[in-house]
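Q: Supplied in structure tokens, the structure appears directly below.
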Amino acid sequence: MSNAAIIDAASAEALDPADFHSGATPIWCPGCGDYGVLSALEHALAINGRPPHEVVLVSGIGCSSRLPAYTSCYGFHGVHGRALPFAAGVKLARPDLEVIAVGGDGDGYSIGGNHFIHACRRNLDMLYLVMDNRVYGMTKGQPSPTTEADWDSDIAPGGLGLRPFDPLALAIAGGANFVARGFSGRPQELKDLIVEGLRWPGFAFIDVLSPCMAFRSEEFGWKESVHPVARTIEDDRAAAHAAVLAEDGYSLGVLFKDHRPSLPARYVAQSSLSEIEQQFAVCR
Ligand SMILES: Cc1ncc(C[n+]2csc(CCOP(=O)(O)OP(=O)(O)O)c2C)c(N)n1
Ligand code: SF4
């Protein structure tokens, strides 16, 4: 048995996916892909072996961003598009914690797009899980940056006509150390990807194809489109970028892994919380 498998076996005995349930019942629509993501995440956290009180889930706004409330981990349900800066703050203040940012393609690639680029660039040791349904679900079906140009809807008749951008290519160009794609309909594989991303040093990004049954029921057909990635490229960012731009957007697995150093340690908070409070005190 490999070292990783021994650790997995020991952790699996210690923690159960149910340990990560909050007890709150998700209010997602029946068939929403986010159920599969939640389940995969809970199983991955149990394998990862860190108890709920050592894990922080940070989100923005959207159906997918409700996810932290359904877990027993520490959670922060912030403002739209700002999950990554909050998560970075938590990680800088408490590098000992497992920090995971979650949300949707609208939250992360539209209003939060600039934060996404810079989170990749800073390469802090955290995981970012995007439930990509290629639509704004919560606000009733507007196109997002990953929506196909010709997707026809009441709100954008005939389609927007805008080329969708590729978040994986952006993450590689930005500097992320781990770039992968998962599918909510393959929760076992997604669980493995999440475990690998959690353990990989630096910024790990997983774009999860997660169908929206309410506004894009055709995404149910993704189960026929997905296929394993041809190969994982390691350390050659230019080659990985070219490969990702050339693939069809349905390759599942790790597309790129790198060992780029994280934000320099000199920028990481060295002070204690009380010292920081004193620095910001209005009256001394
Ligand atoms: C500053 C601000 N602008 C707009 C909104 C409205 N809003 C709420 S959720 C959302 C989009 C959510 O889409 P996505 O992140 O893809 O999540 P999904 O609901 O599809 O899971 C928008 C535009 C808001 N809450 N705050
Ligand atoms: S509107 Fe779409 S994304 Fe939101 S809960 Fe329903 S199926 Fe899921």
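Q: Of the beta bridges DSSP finds with both residues in the range 112-228, what % are antiparallel, to the nearest 5?
A: 15 percent
Q: What are the aspartates and glutamates whose alpha-carbon lies under 14 Å from the alpha-carbon of LYS257, with same-chain residues fewer than 8 places away excluded?
A: Reachable aspartates and glutamates: ASP125, GLU196, GLU234, ASP235, ASP236.
Q: For helix 113-122, what angle does its Cα long axis make with the longest principal axis of the chain, in degrees from 0 to 90 and rounded to 10?
A: Computed tilt is about 50 degrees.
Q: Comparing ARG260, ARG181, ARG134, which has the greatest mean-square fluctuation in the GNM of the chain with Cα pairs linked when under 10 Å apart?
A: ARG260
Q: Could you tell me what percent of the DSSP beta bridges with both partners in the chain are antiparallel, to the nearest 5?
A: Percentage antiparallel, nearest 5: 20.
Q: Another question, if that's okay. Under 10 Å, Cα contacts only: if you run a Gaussian network model on the chain, which one of LEU198, LEU168, LEU160 comes out with the highest mean-square fluctuation?
A: In the Gaussian network model the winner is LEU160.
Q: Expressed as a rounded percentage, what relative contact order does the chain have, with Cα pairs under 8 Å and six or more residues apart?
A: Relative contact order of the chain: 17 percent.
Q: Classify the chain from the C-alpha gyration tensor, please: rounded if a/c falls under 1.5, else prolate or oblate depending on whether a/b exceeds b/c.
A: Rounded.
Coordinate-derived values only; no laboratory data. A quick note: this is a predicted structure, and the numbers were derived from the prediction, not measured.
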